[in-house]
Amino acid sequence: MTLQAIKVACSNCNLRELCMPVGLSDGDLGKLDSLVTIRRRLKRGTPLFSNGDPFSALYAIRTGFFKTSVATEDGRDQVTGFQMAGEIIGLDGIVGDRHTCDAIALEDAEVCVMPYERIEELSREVPALQSHVHKIMSREIVREHGVLLLLGSMRAEERLAAFLLNLVQRLHARGFSQSELVLRMTREEIGSYLGLKLETVSRTFSKFADDGMVEVKQRHVRIVDTQALRNIVNSPACH
C-alpha cells in the first residue's frame, strides 16, 4: 500500500458531481480543494481498512471497485456491499471512532483520503458540504434497508435481477454502458451479499441466460432484456 502526498484538486475531478456537492461558488470550491491532500493506491486484494481499525477519514473512490464485509460468528465473511468510483466509504467508523467492517479492493484502486476532522471543520464554513454528508449517510441507510428487503422477502431470481439492475444503473451514471458490465466480484461474493449459495447464483445466471434475458461469458454480462429483469423484481405474485 503506498501513500502519495500529492495535491488533488476536487474542482478539476471528473467524479466531483458524484461525490461532492454541486452548485458551489468558486470560493467554496477552493475550500473543498483543501480537503483532499492525499491519494492512496491499493493493489487488488488489499484492505483499505479493517474491522477495529481507528476511524480517521472518509474515502472517495477515484478508480477501482471495493467490497465491504464483516466476519460472522462462525468465521465466515459476510459481504455487506460493493462500492465503485465516485462513492464514499468509511461511514461505518463515525459512530464509535473505529471501523466495524473490512473494505477490500477487488481490483487495483485509488482513493482520495478526506480526514473527518477536516470535513467537520469545512462543514461549518460550507453548509452545502454538511448537507451532502447527511445525504450520503441517508443513502447508506436506504441502501441497508433495501438489502434487508432483498434478504427478507425476495426469491433467488428477484435478488439476482435486482442486483444486476442496480449495478448497471450505478455504472451507467458513471458513463458506462446501460447494458454491459464486467463483474469485479466472484459468484461466491455475489452469493454472500444476496444470501444465496454459490450453486444458486450460478443456476440463476444460467436460467436468465436460457430465458434470453442476459448473455454471460465468465465475468462479462450483457443485459439483453432489461424489462424482463424489472418484471421479475416487480412481480406482485412474488411478495
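Between Phe163, Phe82, Phe66, the residue with the greatest mean-square fluctuation in the GNM of the chain (Cα pairs under 10 Å linked by springs) is Phe163. Which residue fluctuates the most in the chain, going by a Gaussian network model with Cα springs under 10 Å, if the choices are Pro21, Pro127, Pro47? So, out of Pro21, Pro127, Pro47, the one fluctuating most is Pro127. The spread of Cα positions in the chain, taken along each principal axis and listed from longest to shortest, comes to 55, 41, 32 Å. Measure up Lys135/Lys197; Lys43/Lys197; Lys43/Lys135; Lys67/Lys197 against 22 Å on the Cα-Cα distance and list the ones that go over. Beyond 22 Å: Lys135/Lys197; Lys43/Lys197; Lys43/Lys135.
Just the Kirkwood number for the range 99-173, please: inverse of mean 1/r across all distinct Cα pairs, in Å, one decimal. Walk me through the numbers before you get to the answer.
Details: mean 1/r = 0.0646 Å⁻¹.
15.5 Å is the Kirkwood radius here.
Using 0.36 nm per residue, how much length does the chain from Met137 to Ala173 gain when fully extended, once their Cα-Cα distance is taken away?
Working: separation 36, 0.36 × 36 = 12.96 nm, distance 1.94 nm.
Length difference between fully extended and current span is 11.0 nm.
At 1.4 Å probe size, put Lys217, Lys67 in order of accessible surface, largest to smallest. Mind showing how you got there, number by number?
Details: Lys217 155, Lys67 30 Å².
These residues rank, largest area first, as Lys217, Lys67.
Report, in degrees rounded to the nearest 10, the 0 to 90 angle that the Cα long axis of helix 198-210 makes with the longest principal axis of the chain. That helix lies at roughly 70 degrees to the long axis. Between the listed residues Val224, Leu122, Val201, the Cα displaced farthest toward the positive end of the dipole of the range 105-239, a dipole computed from Cβ unit charges relative to the Cα centre, is found at Val224. Under the shape rule built on the C-alpha gyration tensor, where the axes satisfy a ≥ b ≥ c, the range 136-239 is rounded, since a/c falls short of 1.5. Only aspartates and glutamates eight or more places from Lys217 in sequence, or on another chain, were considered; those with a Cα closer than 16 Å are Glu180. How much accessible surface area, in Å² rounded to 10, belongs to the heavy atoms of Val182 with a 1.4 Å probe? For Val182, solvent-accessible area is about 50 Å².
Considering only Val142, Val214, Val111, the residue lying farthest towards the positive end of the dipole of the chain is Val214, judged by Cα position with unit charges set on Cβ. Among Ala105, Ala57, Ala209, the largest mean-square fluctuation in a Gaussian network model of the chain (Cα springs under 10 Å) belongs to Ala209.
With a/c under 1.5 counting as rounded, go ahead and sort the range 178-237 into rounded, prolate or oblate using the C-alpha gyration tensor (a ≥ b ≥ c being the square roots of the eigenvalues; past the cut-off, prolate if a/b is larger than b/c, else oblate). List each step's numbers first, then the result.
Values: a/c = 1.71, a/b = 1.17, b/c = 1.47.
Judged from the Cα gyration tensor, the range 178-237 comes out oblate (a/c at least 1.5, b/c at or above a/b).
A Stokes-Einstein calculation at 37 °C with viscosity 0.692 mPa s, built on the Kirkwood radius of the range 148-204 over Cα pairs, returns a diffusion coefficient of 276 µm²/s.
The values are calculated or read from the model by the stated rules, or taken from the named source; none is laboratory data. Please read all numbers here as calculations on a predicted model, not as lab measurements. Cβ coordinates were reconstructed from backbone atoms using ideal geometry, including for glycine residues, and neighbour counts include every protein chain displayed. Side chains are part of the model used for accessible areas, which takes the heavy atoms of the whole protein and leaves out ligands, DNA and RNA. Shrake-Rupley method; radii C 1.70, N 1.55, O 1.52, S 1.80 Å.
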